[in-house]
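So the structure is just underneath, and the comments pick up after that.
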Amino acid sequence: MKTPRKSRSQKSRYTVATISSRKTRSPNCLDTVETITHQIDEQVITSDLLSDVREMILTARQQVAQVVNAGLTLLYWSIGQRIRQDILQHKRAEYGVEIIADLGTRLEKEFGRGFAEKNLRRMMQFAEVFPEPQIVATLSRQLGWSHFREMLPLNKPLQRDFYAEMCRIERWSVRTLRKQIGTMLYERTALSKKPDELIRHELTQLREDDRLTPDLVFKDPYFLDFAGLKDRYLEKDLEDAILRDIEKFLLELGAGFTFVARQKRIQLDNDDHYIDLLLYNRKLKRLVALDLKLRDFKPGDKSQMELYLRWLARHEQEPDESTPLGLILCAGKKQEQIELLELNTSGIHVAEYLTILPPRETLQTKLHQAIAAARERYQASQTKD
């Protein structure tokens, strides 16, 4: 059956009705747009609010964790100190063994394994090797119990003090502290070559002023095993390997080093000279010129580095910076030459680098021999004066 055709009047009424309905819907569309816009604004506000509140929560958690860690560290020290006082009062070794075992059993039942006999002995050792409560309180703001546990096996007090202060200044993680102890950082620093009284004085200054000195920063030797170089290689190969792993290299250099330039060009009397690597140390506030040598150190290397340092002091040093320092990394060096050249007065440090690490026992023997020889030379120089 055919649908009857609409008349012209019906068509016009239909058209008018359609237009009218569209007109009546348009305000609703505007309302919809406004609603969506309002929802978007609410989402933006909610997102900002969420971010702010999350930051507040995370910051508070961190602060609470620091307070708790500091409180636990001081508690462990106090427990260790109290037990030591009790044992010393009775002056009997067998009493100490019995009392610690009995105390550990009772405390473990009530407070858990953290207060078992083994841990009580650690607390006693903690109080023994860190006898000053004020220093422990200061260190505990940055170092946790796990940090102190890593330092307890160290036998030398100045060695422990060095790692504790450097850990505080540099905010080392427990893993980093373990690595620095394992790679014998203290024995590799220039500081360790000094007599005990000078080391003690410098560490006291560090504790009071939070300022590093070159003797705390520079070390010898440097470990460049990350470069992956073996047997024969060129100086450019070593430089390229360092730049490929610049982050590892800067970590090995130590506190506050940043990269500035490679093959820094300087002009003197129309002659071009190039510094292998130009670095900056934020802690020392000094530029550091680094020269790589695949051979042993030669006396002529000093004059070359002095030229670099004087040019940097004249053209690159900022008003608030100290004079630039030089670091010559070489395959070997002769100690008598280093002494006679008096490199320290020129701000130049000469160190060996190792691309393949020797066994720990070999390295330990070599470093201890170097420390002993340096101290003997110092004593001999004082006797002459």
Acute angle (nearest 10 degrees) that the helix 235-244 long axis makes with the longest principal axis of the chain, alpha-carbon atoms = 40
Antiparallel %, DSSP beta bridges [both residues in the chain], to 5 | 55
Compute the FRET efficiency between D102 and E352 as 1/(1 + (r/R0)^6), taking r as their Cβ-Cβ distance and R0 = 45 Å, and round to the nearest 0.05.
-> 0.25
Convex hull volume of the Cα atoms in the range 275-333, per residue, in Å³?
-> 76
Whether the range 61-130 is rounded, prolate or oblate, judged on the alpha carbon gyration tensor where a/c under 1.5 counts as rounded = oblate
Spelling it out for I348: with amide H atoms placed in the peptide plane at 1.01 Å from N, the residues 5 or more places away or on another chain with amide H under 5 Å from its amide H are G326
Global form of the range 186-329, assessed from the alpha-carbon gyration tensor, a/c cut-off 1.5 = oblate
Can you run phi through the Karplus equation (6.51, -1.76, 1.60; θ = phi - 60°) for the range 106-114 and list ³J(HN,Hα) in whole Hz, with x for Gly and Pro?
-> 5, 5, 5, 5, 8, 10, x, 5, x
With eigenvalues of the C-alpha gyration tensor scaled by 5 and rooted, the chain, Å | 61, 41, 19
For K193, list the aspartates and glutamates whose Cα falls under 12 Å from its own Cα; do not include residues on the same chain fewer than 8 positions away.
-> D215, D220, E376
Shape metrics for the range 131-215, restricted to C-alpha atoms - Rg then Dmax, Å | 12.0, 30
Around L277, with a cut-off of 9 angstrom between Cβ atoms, what is the net charge of the other residues, counting Lys and Arg +1 and Asp and Glu -1?
-> -1
Applied in sequence order to the range 134-147, the curve 6.51 cos²θ - 1.76 cosθ + 1.60 (Karplus, θ = phi - 60°) yields integer Hz couplings, x standing for Gly and Pro, of 5, 5, 4, 4, 5, 5, 5, 5, 10, 9, x, 4, 5, 4
What list of ³J(HN,Hα) values in whole Hz, one per residue of the range 203-209 in order, does the Karplus curve 6.51 cos²θ - 1.76 cosθ + 1.60 (θ = phi - 60°) give from phi, with Gly and Pro shown as x?
-> 5, 5, 5, 5, 5, 7, 10
Helix 157-170 sits off the longest principal axis of the Cα atoms of the chain, rounded to the nearest 10 on a 0 to 90 degree scale, by 20
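No lab work stands behind these numbers, since they all come straight from the coordinates. Model, not experiment: these values are computed from the prediction. Note that we place each Cβ from the backbone using ideal geometry, even for glycine, and neighbour counts take in every protein chain shown.
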